[in-house]
Amino acid sequence: MRPTPQIRRLRQSQASDTRRGAAHALIAAMLIVFGITVAFSIDFAYMQLVRTELRSATDSAAKAGAENLARTRDPDQAIAAAVQFASLNKVGGRNFQIRPSDVILGQAVASLEGRWTFQPGITPYNAVRVQSKVGGAGIFAPVDLFFQSLTGKPAFSTTAQATAGRQDVEICLCLDRSMSMSLRADGFTYAAGNPLLYPRSYYPSVALQNDCSPPHPTLSRWAALRDAVNIFLTEAGSVQSPPRTSLVTWSSSMRQAYYPRLTSTEVTREVALPTATNFNWASNRDAITQRMQALSNGPLIGGTKLSNGIDEAVLTLTGSNSLVQSNKIIILFTDGMWENCRPPEDAARDAANAGVVIHCVSMLTGSQQVLRNIATITGGSYTEAANATQLRTTFQNLARAVSIVLTD
């Protein structure tokens with residue numbers, strides 16, 4: 001007997017309800033799985049963020065401790081500096097903390113191949129190791145995750161380690177001595193009352209008199225740079241092992257049409273890189289100071305062939321007086337835009353290939369993308385200075401930072 005239409009419709013309705021019920025159950029199960037997957041993904045991403053923050057805090061603490069150790073030579077102060085700088089960083093939204101016992105002093109020794117070995121407790125200390133902990137045996141509590149109840153994973157714990165020490169450093173001060181360096185340190189005119197001006201009768205105009213005379217001894221950009229270099233040398237000389245330092249200046253080739261009819265060179269190695277054998281910091285410092293003063297006593301002329309300066313500085317830091325395992329650094333200063341030379345980024349790539357880092361400093365030029373590019377290519381920094389005070393601070397900070405490196 002065939003079922004009636006009513007029975008067939010009833011059976012179809014029941015089957016449809018069964019299928020809908022199964023679909024709903026399947027969708028519900030898939031939503032649960034999807035939710036758990038999303039929760040795991042979010043918590044995993046957050047754990048990676050915590051690891052990155054911890055790494056940054058640990059690096060910062062180690063470098064701060066090593067810088068303080070090199071400057072003060074006081075182990076207790078170095079440990080305190082590491083602890084303090086760790087607390088200035090946030091991990092998981094909280095100010096990070098380490099114990100003094102998490103800071104270990106010792107010696108970092110570089111092999112001829114450039115590999116570092118840290119020897120804890122060995123004196124004289126030249127390196128600081130920081131062992132950071134989130135949770136576990138650390139003072140800093142584990143980080144709560146967002147979906148602990150859903151994923152069943154407890155609060156997150158992790159560790160990080162960083163060692164920073166003072167490496168043997170070779171520095172080249174690579175300085176712009178173009179004509180614009182005679183202008184005011186806070187503007188774009190010549191400073192009034194310059195006692196070094198040559199007689200007005202030598203020149204057909206006041207402008208040429210300023211162009212052809214030495215810069216103002218206190219108010220010019222060159223005077224500001226000379227003072228900043230002196231501060232750099234003072235700061236660099238305060239550490240246990242001051243860096244061997246050379247001096248290169250650059251502009252462009254030209255000859256003055258009026259007295260004293262000076263001819264400028266594109267680039268000059270004013271002070272060669274001292275040898276590591278029997279190195280004497282006082283002699284190195286005095287040679288640079290005296291050469292900067294000698295340049296202050298004569299006219300500054302020429303343009304801004306920036307790449308030529310970089311190339312000569314790289315040659316200085318990779319020549320026969322350089323050590324293979326040393327940290328090679330150029331401090332590049334300019335108050336103008338590059339001209340009449342190859343693209344500075346090309347010179348920066350050559351420097352990077354030679355293992356040279358370039359820290360760039362500009363004065364009264366606004367933001368210079370090309371200098372940012374140079375710093376990025378070589379792993380250096382870029383700083384803008386708007387006046388003499390900012391320039392001095394920049395060179396002081398560079399002197400404190402360049403000799404400290406992360407060894408692991």
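For beta carbons closer than 7 Å, sequence separation of 6+ or different chains, a first residue in segment 219-231 that is over 18 Å from PRO299 (Cα atoms) and a second that is outside any helix (DSSP H, G or I), the qualifying pairs are VAL229/LEU173.
What about ASP168, is it charged (D, E, K, R), at pLDDT below 95 and closer than 30 Å to ILE288 by Cβ? Yes: the conditions hold for ASP168. Taking the stated definitions as given, is SER201 small (Gly, Ala, Ser) and in contact (Cβ under 8 Å) with a residue 24 or more places away in the chain? Criteria not met by SER201.
Go through segment 187-222 and count every residue that is crowded, with 21+ Cβ neighbours inside 10 Å and of a type in the set (A, V, I, L, M, F, W, C). So the count comes out to 2.
When each of LEU317, LEU306 is tested for being in the same structural domain as TYR259 (by TED's automatic domain parsing), within 25 Å of THR275 (Cβ to Cβ), touching a residue at least 24 places away in the same chain (Cβ under 8 Å) and touching a strand residue (DSSP E or B) at 6+ places or on another chain (Cβ under 9 Å), the lone residue that passes is LEU317. Applying a threshold of 6 Å to beta carbon distances and a minimum spacing of six or more residues, or different chains, the list of pairs starting in segment 355-371 at a residue that is at positive phi and at pLDDT below 95 and ending at one that is assigned to a strand (DSSP E or B) and not β-branched (Val, Ile, Thr) reads GLY355/LYS328. Does ASN210 fit the bill of being closer than 20 Å to ASN297 by Cα, among the polar types (S, T, N, Q), in a helix (DSSP H, G or I) and modelled with pLDDT of 95 or more? In short, yes.
Check LEU295, LEU332 and return the single one that is in the same structural domain as PRO242 (by TED's automatic domain parsing), of a type in the set (A, V, I, L, M) and more than 21 Å from the chain's Cα centre (by Cα).
On the way: LEU332 fails: more than 21 Å from the chain's Cα centre (by Cα).
Sole residue among the options that is in the same structural domain as PRO242 (by TED's automatic domain parsing), of a type in the set (A, V, I, L, M) and more than 21 Å from the chain's Cα centre (by Cα): LEU295.
The values are calculated or read from the model by the stated rules, or taken from the named source; none is laboratory data. Everything numeric here is computed off the predicted structure, so don't read it as measured data. All Cβ positions, glycine included, derive from the backbone under ideal geometry; neighbour counts span all protein chains shown.
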